[in-house]
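Any read-out appearing in this document is the output of simple, stated calculations on the displayed coordinates, not a laboratory observation. These numbers were taken from a predicted model, which means no experiment stands behind them. Here the Cβ positions follow ideal geometry from the backbone for every residue, glycine too, while neighbour counts run over all protein chains shown.
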Amino acid sequence: MAFKGGMGNMGNMLKQAQKLQEDMAKAQEELKSRTVDASVGGGAVQVVVNGKNEILELKIKPEAVDPDDVEMLEDMVKAAVNEGLRKVEELVSTEMGKLTNGLKIPGLF
């Protein structure tokens, strides 16, 4: 009898794993349309990134463009993009963590 009960538990575990996989696939699809905003330099450079790590918008205020200091603008663009990517990573981790109750699954998200 113990053997049969063990198989039932395994069946339940497999069903739960399959549901988790389906829920995570749905969440990943939904995250593709979610966006985060990041800005640096008091809003001189702004970026919008989606859940697929794609830059959707990049705005640079004219006063941030100084032909004598292109390096500063480059640094601000890199900083804004990196902040946007960090925020997307945090968003994905938070949303997926809701499904796994905070359990980190390497390679999954």
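At 0.36 nm per residue, and after removing the present C-alpha to C-alpha distance, how many nm does the segment from L56 to R86 gain when stretched out fully?
Values: separation 30, 0.36 × 30 = 10.80 nm, distance 1.52 nm.
Difference between extended and current length: 9.3 nm.
Modelled label-to-label distance, S93 and K15, 7 Å Cα→beta-carbon offset: nm?
Each label point is offset 7 Å from its Cα along the Cβ direction, giving 3.4 nm.
Could you tell me which residue out of Q46, A80, Q16 lies farthest along the dipole of the chain toward its positive end? Charges go on the beta carbon: Lys and Arg +1, Asp and Glu -1, centred on the Cα centre.
It is Q16.
Treat every Asp and Glu Cβ in the stretch 15-91 as -1 and every Lys and Arg Cβ as +1, leave all other atoms uncharged, and give the resulting dipole magnitude about the Cα centre to the nearest 20 debye. Let's see the in-between values first.
Details: 11 positive and 17 negative charges, 143 e Å.
The calculation lands at about 680 debye.
How far is helix 70-99 tilted off the main Cα axis of the chain, in degrees rounded to 10, range 0 to 90?
20
Based on DSSP H runs of at least 4 residues, each adding -39500 (n - 2.57), what is the mean residue ellipticity at 222 nm of the chain after dividing by all its residues, to the nearest 500 deg cm²/dmol?
Details: 2 runs with 60 residues, N = 109.
Taken over the chain, the calculation gives -20000 deg cm²/dmol.
Mind jotting down a quarter of the surface of the convex hull over the alpha carbons of the chain, in square nanometres, one decimal? Show your work: numbers first, answer last.
Numbers: hull surface 33.5 nm².
For the Cα atoms of the chain, the hull's average projected area reads 8.4 nm².
Pairing the Cα long axis of helix 2-31 with the longest principal axis of the chain, what angle in degrees results, from 0 to 90 and rounded to the nearest 10?
20
If packing is taken as the average number of other Cβ atoms within 10 Å across a peptide's residues, how do 36-49, 65-78 rank, most packed first? Don't skip to the end; give the middle numbers.
Numbers: 36-49: 18.1, 65-78: 11.9.
Ranked from most to least packed, the peptides come out as 36-49, 65-78.
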